[in-house]
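The values are calculated or read from the model by the stated rules, or taken from the named source; none is laboratory data. It should be emphasised that the depicted structure is a prediction, and the values quoted were computed from it without experimental measurement. Note: ideal-geometry Cβ built from the backbone for every residue, glycine included; neighbour counts use all protein chains shown.
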Amino acid sequence: MTQLWNKVSARFPALIAATLITAASVPAPAVAQSYETGGIQLTFGVLLSSSAEDNRAMASESAGNSTESTARLSLGLLSETRTQRLALDLNGKLRALDMPDGSSQGNGFADPGLSFSYDRSSINASLALSASLRESELSQDSLDEDGLDFVTGTATRRQTGAEASLNWGENSPLGFGTFARIQNTTYRDGTASGLDDTALDDNTRRTLGASARMNLDPVRRLELGLTWSDFEQDSVPGRREALSLNTSVTQDLIAGTITANLNITDTEDGERYSATVGRSRALPLGSLSGQIGLSRSASGDTYLSGGLDLSRDLVRGALTFGLSRAVSSSDTEDNEVLRTRASLGLTQDLTPVSGIRFGLNVSQSEETASGAETSGADFGVTYNRELPSDWTFATGYNHRIREADSGDTARSNRVFLQLQRSFVTRF
């Protein structure tokens with residue numbers, strides 16, 4: 001870690017010096033940066049970062065240290081009234097990348113992102129529209145959009161999607177809803193592999209769904225959901241379809257709820273069943289929720305499933321814990337996968353203007369048919385400090401581990417410096 005930090009300082013001395021000098025010398029403004037003058041809010045963000053990593057490609061044998069200097073720019077537009085909300089966000093980064101082989105192929109503009117959302121509501125109904133585009137390097141972002149499926153390789157992944165939903169009868173004893181969604185994933189400029197190390201193709205998933213809710217009495221409600229989806233890969237002929245029926249009964253309690261859920265999914269590989277019972281409870285300093293049940297996979301095996309989520313406010317910080325285990329279809333190859341995840345987070349204020357954050361995530365994905373699995377863990381610690389003129393300074397360390405079914409293990413250590421600010425105005 002010391003060698004990595006020294007390399008950052010040696011590679012980007014001017015940027016680091018300018019960052020610290022600027023942060024320390026800029027005077028505090030006489031007025032806040034936000035101007036309350038109208039109904040449209042415009043936000044411009046800038047994030048300057050320098051980092052060094054000893055295995056950026058997450059290979060079983062590291063090719064050497066790499067350094068990166070970036071300027072991530074973002075622009076957000078927001079218009080909101082009592083019944084409507086329109087948001088448009090764009091972002092991307094300019095970077096200078098120094099790889100172990102001395103190449104500069106990754107220099108320039110990278111990782112563009114775009115998101116759009118429109119929401120409209122009335123007394124008893126609501127409409128929501130959304131669309132998004134996101135690009136990322138697999139070596140830096142190995143999980144899919146939902147953070148569930150492992151994807152390894154050197155390619156750049158582009159994920160695009162759009163969704164529309166309509167709900168009515170929201171405040172009535174009987175309510176209904178419907179939605180349509182499309183998701184597309186493409187890979188370019190490198191390799192991309194799934195759990196069993198097979199090459200991944202560009203794919204598209206289309207989903208249609210309908211739901212109904214009935215209030216049985218003031219404290220109990222019944223919900224039904226029917227979902228159809230199809231999955232298509234460029235190099236695989238035909239489409240894989242799935243039909244899912246979900247039923248749940250929820251009862252409100254004095255300090256939370258209790259829920260029973262039953263799901264049946266008919267896939268190309270067979271039928272999948274799951275049943276869970278859950279309980280959520282509000283605590284004096286946080287919240288606690290949990291579920292436990294059984295899942296029967298399409299291959300005929302039975303697995304324990306469920307989850308646990310805990311959040312607790314501390315005297316000068318917060319603690320979060322999450323645990324989940326479930327069987328579902330993959331969004332990379334549409335095969336059935338057993339996923340297990342655990343997370344732990346701790347934030348602590350050190351002074352009124354500074355704090356420290358710790359985070360640990362552990363995950364494992366296993367194909368129920370073949371038994372192929374991949375596991376990983378990520379640990380990070382970040383120190384942040386508020387500076388004059390609304391700037392925020394952060395520095396930290398990240399450690400990543402990936403272990404494939406073949407036994408290959410990849411490790412990476414990264415240190416970084418960041419300086420961030422958002423400019424907000426209204427017109």
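Of note:
- Filter result for Arg357 (outside any loop (DSSP other than H, G, I, E, B) and closer than 30 Å to Ile264 by Cβ): no
- Residue count for region 78-112, restricted to those that are small (Gly, Ala, Ser), farther than 18 Å from Phe427 by Cβ and modelled with pLDDT of 85 or more: 4.
- Checked against the criterion of being small (Gly, Ala, Ser) and either part of a strand (DSSP E or B) or on the phi < 0 side of the Ramachandran plot (or both), the candidates Gly225, Gly238 yield just one match: Gly225.
- Only one entry in Leu133, Leu129 is in a strand (DSSP E or B), among the aliphatic types (A, V, I, L, M) and surrounded by 16 or more Cβ atoms within 10 Å (Cβ to Cβ), namely Leu133.
- Unique match (being part of a strand (DSSP E or B), at pLDDT 95 or above and within 30 Å of Asp202 (Cα to Cα)) among Arg325, Arg312, Arg339: Arg325
- Condition met for Arg205 (in a strand (DSSP E or B), closer than 29 Å to Ser370 by Cα and among the basic types (Lys, Arg)): yes
- With respect to the conditions (1) in contact (Cβ under 8 Å) with a residue 60 or more places away in the chain; (2) surrounded by fewer than 16 Cβ atoms within 10 Å (Cβ to Cβ); (3) of a type outside the set (Val, Ile, Thr), Asn203 lacks only one, and its number is (2).
- In the condition set (1) closer than 17 Å to Ser330 by Cβ; (2) in contact (Cβ under 8 Å) with a residue 24 or more places away in the chain; (3) β-branched (Val, Ile, Thr); (4) surrounded by 17 or more Cβ atoms within 10 Å (Cβ to Cβ), Thr227 is compliant with all but (2).
- Count of region 63-91 residues, restricted to those that are in contact with a strand residue (DSSP E or B) (Cβ under 8 Å, 6 or more places away or on another chain) and either part of a loop (DSSP other than H, G, I, E, B) or on the phi > 0 side of the Ramachandran plot (or both), is 2.
- Top-ranked residue in region 180-200 [being buried (at least 16 other Cβ atoms within 10 Å of the Cβ) and polar (S, T, N, Q); ranked as farthest from the chain's Cα centre (by Cα)]: Ser193
- The set of residues from region 131-164 being more than 14 Å from the chain's Cα centre (by Cα), at pLDDT 95 or above and within 29 Å of Leu323 (Cβ to Cβ) comprises Gly161, Glu163.
Yes or no, residue by residue, for (1) among the charged types (D, E, K, R); (2) within 30 Å of Thr425 (Cα to Cα):
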site	(1), (2)
Thr340	no, no
Thr351	no, yes
Phe358	no, no
Ser363	no, no
Glu366	yes, no
Arg385	yes, yes
Ala394	no, yes
His399	no, no
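- Only a single item in (1) farther than 23 Å from Arg95 by Cα; (2) among the hydrophobic types (A, V, I, L, M, F, W, C); (3) touching an Asp or Glu at 6+ places or on another chain (Cβ under 7 Å) is not met by Ala155, and it is number (1).
- Looking only at residues of region 42-64 that are of a type in the set (S, T, N, Q) and surrounded by 19 or more Cβ atoms within 10 Å (Cβ to Cβ), we find that the one that is nearest to Ser117 (Cα to Cα) is Ser49.
- Within region 371-426, the set of residues being among the small types (Gly, Ala, Ser), in a loop (DSSP other than H, G, I, E, B) and crowded, with 17+ Cβ neighbours inside 10 Å comprises Ala372, Ala404.
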